[in-house]
Amino acid sequence: IGRRAFRGIAKPLSSLMTAADAVAGGDLSVRVPAQGRGEFNQLMTSFNRMVEELELADQRRRNLTADVAHELRTPLQVIQGNLEGVLDGVYAPTPEHIEATLDETRQLARLVEDLRVLSQAEAGQLTMTWESVNVAELIADAATSFGGQAEAAGIALLTEADGAPADLTVTADYGRLDQILNNLLANALRHTPAGGTVTVRATPSDGGVRLVVSDTGEGIPPADLPYVFDRFKQGDASASRR
């Protein structure tokens, strides 16, 4: 009975110590099989949960590093190319070239801020400013901001707000909603040909407001739909992209 009891204690502890050594060595895929009853089983479950959280945090760190490299590469290359062109005499240091380079530095500043927001969001530390937001006014402001771009591209930008102001008012973070809407509109305009239409519609829905951005562009191929929320996933990034 004593030997059986000792084995019942020693075996789970040995498995736990082996797994702990593996985690210390950087292997975050290790898990401990549930063994024993009561406190031992609870201990194994808690250990596995801890390792899962460590693995998730490590993946977030890797994703953020990839995001930084991906997002900053293009503007940095443009800035470097412009400056090298001026130094080599390929470009004259005209106000136009200087302004183009300055635009890229502004783009870099925006990307750095976006990445900071991304890291806060993934860590669950994103600060939200809650206020009463009239969604009809939100889409009207967005349409004004993108009106010039749409007109230059020959695209009709329409807004539709169905319902009374009280029915289209929600408690939300105006800045975050505006950021989301701007991203959707920028993508819709980019993928809609001249003569097309981009529509922003707000309708009351289940005590909230349903906000829809639709366009008459090429759309997303069905094969790519399962991946629309993957980081930087692009459909057919080959010759068909302009």
Q. Angle, helix 2-24 long axis vs. longest principal axis of the chain, Cα atoms, 0 to 90°, nearest 10?
A. 30 degrees
(Q) Could you report the chain's accessible area per residue, 1.4 Å probe, as an integer in Å²? (A) 67 Å²
Q.
Could you work out what % of the accessible surface of the chain is carbon and sulfur, using a 1.4 angstrom probe and leaving DNA, RNA and ligands out of the count?
A. 56 percent
Q. What number, rounded to the nearest 500 deg cm²/dmol, is the helix-based mean residue ellipticity at 222 nm of the chain, given -39500 (n - 2.57) per DSSP H run of at least four residues and division by all its residues?
A. -20000 deg cm²/dmol
Q | Hz values of 3J(HN,Hα) by residue in the stretch 100-112 - Karplus curve (6.51, -1.76, 1.60), Gly and Pro given as x | A | 4, 5, 5, 4, 5, 5, 5, 4, 4, 4, 5, 5, 4
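Relative contact order (percent) for the chain, with alpha-carbon contacts under 8 angstrom and 6 or more residues of separation?
Relative contact order, the chain: 12 percent.
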Q. Residues with amide H under 5 Å of I155's amide H, sequence separation 5 or more or different chain, H placed in the peptide plane at 1.01 Å from N; which?
A. G195
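The values are calculated or read from the model by the stated rules, or taken from the named source; none is laboratory data. Quick caveat: nothing in here was measured; it's all calculated off a predicted structure. When the accessible area is computed, the model is the full protein with side chains, heavy atoms only, and any ligands, DNA or RNA have been set aside. Shrake-Rupley method; radii C 1.70, N 1.55, O 1.52, S 1.80 Å.
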